[in-house]
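Colleague: Provided herewith is a single structure, encoded as structure tokens, for subsequent inquiry.
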Amino acid sequence: MTNPYRGRPDHCFWRQGVAARAAEGVDPVTAMPFTIAPADAVATAGSCFAQHLSRSLAAQGFRYLVTEEYGGTPGTADEGYGTFPARFGNLYTARQLRQLIDRAYGMFRPRARAWALPGGGFADPFRPRIQAGGFPDLDSL
């Protein structure tokens, strides 16, 4: 078996790339495969870290992508708009993100579009914590 680290540059190793160069100051960035300009649409997904990142990007002048904005639909409230590109809430697994992307692009169609709530109204099965009390009707959802 061949060692996968054989022939790799110094920055791939802690001792050569970081520990031995600590006095010099270490910049772990070696080459950038792409850059993000302030005019590029940037989106985040994840947990609370992604929320902080979205606010920081917007504060620094980047165009933070928001695809779901509050429209003032009767029976709805302005809850959580702009925290993420859409109100999908925190995502904790790669599978959850993949399912969200597949659903957004029409590659996944869930069996249940909505859950009927006991007190009336409807909840989104994939975003049950948005819109406290649910949506008044399926069109609002």
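The values are calculated or read from the model by the stated rules, or taken from the named source; none is laboratory data. Worth saying up front: this structure is predicted, and the values here are computed from it rather than measured. As a convention, Cβ positions derive from the backbone with ideal geometry for all residues, glycine included, and neighbour counts pool all protein chains shown. We work out accessible area using only protein heavy atoms, side chains counted, and drop any ligands, DNA or RNA first. Shrake-Rupley method; radii C 1.70, N 1.55, O 1.52, S 1.80 Å.
Colleague: Residues with amide H under 5 Å of residue 117's amide H, sequence separation 5 or more or different chain, H placed in the peptide plane at 1.01 Å from N; which?
Modeller: Excluding prolines and chain starts, which carry no amide H, the hits are 122, 123.
Colleague: Further question: Give me the accessible area of residue 115, 1.4 Å probe, in Å² rounded to the nearest 10.
Modeller: That residue has around 120 Å² of solvent-accessible surface.
Colleague: Hey, what did segment 1-82 get for relative contact order, percent, Cα under 8 Å, at least 6 apart?
Modeller: Computed value for segment 1-82: 18 percent relative contact order.
Colleague: What number comes out for accessible area per residue over the chain if the probe is 1.4 Å? Units Å², please.
Modeller: 74
Colleague: When the solvent-accessible surface of protein heavy atoms is calculated with a 1.4 angstrom probe, in what order do 54, 47 fall, highest first?
Modeller: 47, 54
Colleague: Right, something else. In terms of solvent-accessible area of protein heavy atoms at a 1.4 angstrom probe, what is the ranking of 102, 78, 137, highest value first?
Modeller: These residues rank, largest area first, as 78, 137, 102.
Colleague: For the chain, which whole percent of the accessible surface, found with a 1.4 angstrom probe, sits on carbon and sulfur atoms?
Modeller: Summing carbon and sulfur atoms, their accessible area is 56 percent of the total for the chain.
Colleague: List the relative contact order of segment 48-141 as a percent without decimals, with contacts defined as Cα pairs under 8 Å and 6+ residues apart.
Modeller: Relative CO of segment 48-141 lands at 23 percent.
Colleague: When the helix-only estimate is applied to the chain (DSSP H runs of n ≥ 4, each -39,500 (n - 2.57), divided by the residue count), what is the mean residue ellipticity at 222 nm, nearest 500 deg cm²/dmol?
Modeller: Estimated from H runs of four or more residues: -5500 deg cm²/dmol.
Colleague: To two decimal places, what compactness ratio does the chain give when its Cα radius of gyration is scaled by 2.2 N^0.38 Å?
Modeller: 1.50
Colleague: Quick one: what are the phi-derived ³J(HN,Hα) couplings along segment 70-86, Karplus 6.51/-1.76/1.60 with θ = phi - 60°, whole Hz, x for glycine and proline?
Modeller: 5, x, x, 4, x, x, 10, 10, 7, 10, x, 6, x, 5, 10, x, 9
Colleague: Follow-up. Apply the a/c threshold of 1.5 to the C-alpha gyration tensor of segment 76-141 and tell me whether it is rounded, prolate or oblate.
Modeller: The shape class here is oblate.
Colleague: Counting only the heavy atoms of the protein chains, how much of residue 24 is accessible to a 1.4 Å probe, in Å² to the nearest 10?
Modeller: 130
Colleague: Kindly write out, for segment 101-112 in residue order, the coupling ³J(HN,Hα) from the Karplus curve 6.51 cos²θ - 1.76 cosθ + 1.60 (θ = phi - 60°), rounded to whole Hz, with x marking Gly and Pro.
Modeller: 5, 4, 5, 4, 9, x, 8, 9, 10, x, 5, 9
Colleague: With labels modelled as points extended 7 Å from the Cα through the Cβ direction, what inter-label distance (nm, one decimal) is found for residue 18 paired with residue 59?
Modeller: In this crude label model, residue 18 to residue 59 measures out at 2.6 nm.
Colleague: While we're on this one: Could you grab the relative contact order for segment 24-71? Cα pairs under 8 Å, six or more apart, rounded to a whole percent.
Modeller: 37
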